[in-house]
Amino acid sequence: STFTPLAIFLSLALRAVASLDRPIARFPDTTGYETFQFLGDIDRFWSVPFLYALVDTDVGRITLQTVIAATAWSWCALILSRMSRYPRAVLSTVLLLGVSPQVVRYDLALLSESLGISFFVLIIAASLNMRKNANPLSISVWLASVTLCAYTRPVHLWVLLIVLASPFIAFIASRGRKVSLTTLILLVVLVGGVLQLQGNSSTSALNFYTVL
């Protein structure tokens, strides 16, 4: 069937038209995302500054987060459609949501919102993919998406608490005998998040206050 590749191509084209070669929005907070530092006193959590450090120009950064967004939404739409009795309807709905003005507008801003949304969508897609095909590759992709999302902003650390809830319950139920390598890696990621939180205390406090 040509419907699936055609729908994905059209969504990619719409996102490109909406996001590329448009005025780029910079904000006072943008400067903090342009300095990549993992430990010590930091301006921002590392995932967005790390990706921004891969390219030198604002246009390159907008292009990068647009590509990541397009990939995340397309993969999520594909996986959800394959799980549904109405694959074309599901595929179209998710792709349209991904290119809606409320989502695409963040692609033009040099802030954490665009990548934060994309990483969360990646978690959904990676979780469903891992549930269906649990193998080292799918688990690694899931761990990477969780880590990137958790390290986008201080308030995103709640993602780690949610994914660790089930392993923690299993650990208690087994009286400390049931623990996986994946859980240990997530605990290391959580410790790293706490260290980032301490190095970013003033911004983190403002971030949490804004959310509350």
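The values are calculated or read from the model by the stated rules, or taken from the named source; none is laboratory data. What you see is a predicted model; the values in this text were computed from it and never measured. Glycine also receives a Cβ, built like all others from the backbone with ideal geometry; neighbour counts cover every protein chain displayed. Heads up: the accessible areas ignore ligands, DNA and RNA and are worked out on the full protein's heavy atoms, side chains in. Shrake-Rupley method; radii C 1.70, N 1.55, O 1.52, S 1.80 Å.
Going by the conditions given, is Tyr106 in contact with a Ser or Thr (Cβ under 7 Å, 6 or more places away or on another chain), among the aromatic types (Phe, Trp, Tyr) and closer than 17 Å to Ala70 by Cβ?
When the stated conditions are applied, Tyr106 passes them.
Report whether or not Leu6 is without any contact (Cβ under 8 Å) to a residue 12 or more places away in the chain, over 20 Å from the mean Cα position of the chain (by Cα) and open to solvent by 80 Å² or more (accessible area, probe 1.4 Å).
For Leu6, the condition - without any contact (Cβ under 8 Å) to a residue 12 or more places away in the chain, over 20 Å from the mean Cα position of the chain (by Cα) and open to solvent by 80 Å² or more (accessible area, probe 1.4 Å) - is met.
Does the range 32-50 hold any residues that are in contact with a Ser or Thr (Cβ under 6 Å, 6 or more places away or on another chain) and open to solvent by 40 Å² or more (accessible area, probe 1.4 Å), and which are they?
Asp43
What are the residues in the range 65-85 that are open to solvent by 50 Å² or more (accessible area, probe 1.4 Å), modelled with pLDDT of 95 or more and either over 25 Å from Pro101 (Cβ atoms) or within 16 Å of the chain's Cα centre (by Cα) (or both), if any? Explain how you work it out, then say what you get.
To start, the set of residues in the range 65-85 that are open to solvent by 50 Å² or more (accessible area, probe 1.4 Å) comprises 67, 71, 75, 80, 82-83, 85.
Imposing the further condition that a residue be modelled with pLDDT of 95 or more reduces the set to 67, 71, 75, 80.
Answer for the range 65-85, where residues must be open to solvent by 50 Å² or more (accessible area, probe 1.4 Å), modelled with pLDDT of 95 or more and either over 25 Å from Pro101 (Cβ atoms) or within 16 Å of the chain's Cα centre (by Cα) (or both): Val67, Thr71, Trp75.
Out of the range 25-69, which residues are part of a loop (DSSP other than H, G, I, E, B) and more than 30 Å from Ser11 (Cα to Cα)?
Thr35, Phe36, Gln37, Phe38, Leu39, Gly40, Asp41, Ile42, Asp43, Arg44, Phe45
In this structure, is Ala126 buried (at least 20 other Cβ atoms within 10 Å of the Cβ) and either assigned to a helix (DSSP H, G or I) or modelled with pLDDT of 95 or more (or both)?
Against the criterion (buried (at least 20 other Cβ atoms within 10 Å of the Cβ) and either assigned to a helix (DSSP H, G or I) or modelled with pLDDT of 95 or more (or both)), Ala126 qualifies.
Just to be sure, is Ala53 open to solvent by 30 Å² or more (accessible area, probe 1.4 Å), among the aliphatic types (A, V, I, L, M) and closer than 20 Å to Tyr151 by Cβ?
Criteria met by Ala53.
The conditions are (1) open to solvent by 20 Å² or more (accessible area, probe 1.4 Å); (2) under 26 Å from Asp58 (Cβ atoms); (3) of a type in the set (Ser, Thr, Tyr), and Thr152 fails exactly one of them. Which is it?
(1)
Can you find, within the range 86-107, the residue that is least open to solvent (accessible area, probe 1.4 Å) among those that are free of Cβ contacts under 8 Å to residues at least 60 places away in the same chain and outside any helix (DSSP H, G or I)?
The residue in question is Ser100.
Of (1) open to solvent by less than 30 Å² (accessible area, probe 1.4 Å); (2) touching a residue at least 12 places away in the same chain (Cβ under 8 Å), Asp29 satisfies all except one. Which?
(1)
Looking at the range 129-145, which of the residues that are touching a helix residue (DSSP H, G or I) at 6+ places or on another chain (Cβ under 6 Å) and not hydrophobic (A, V, I, L, M, F, W, C) is most open to solvent (accessible area, probe 1.4 Å)?
Asn129
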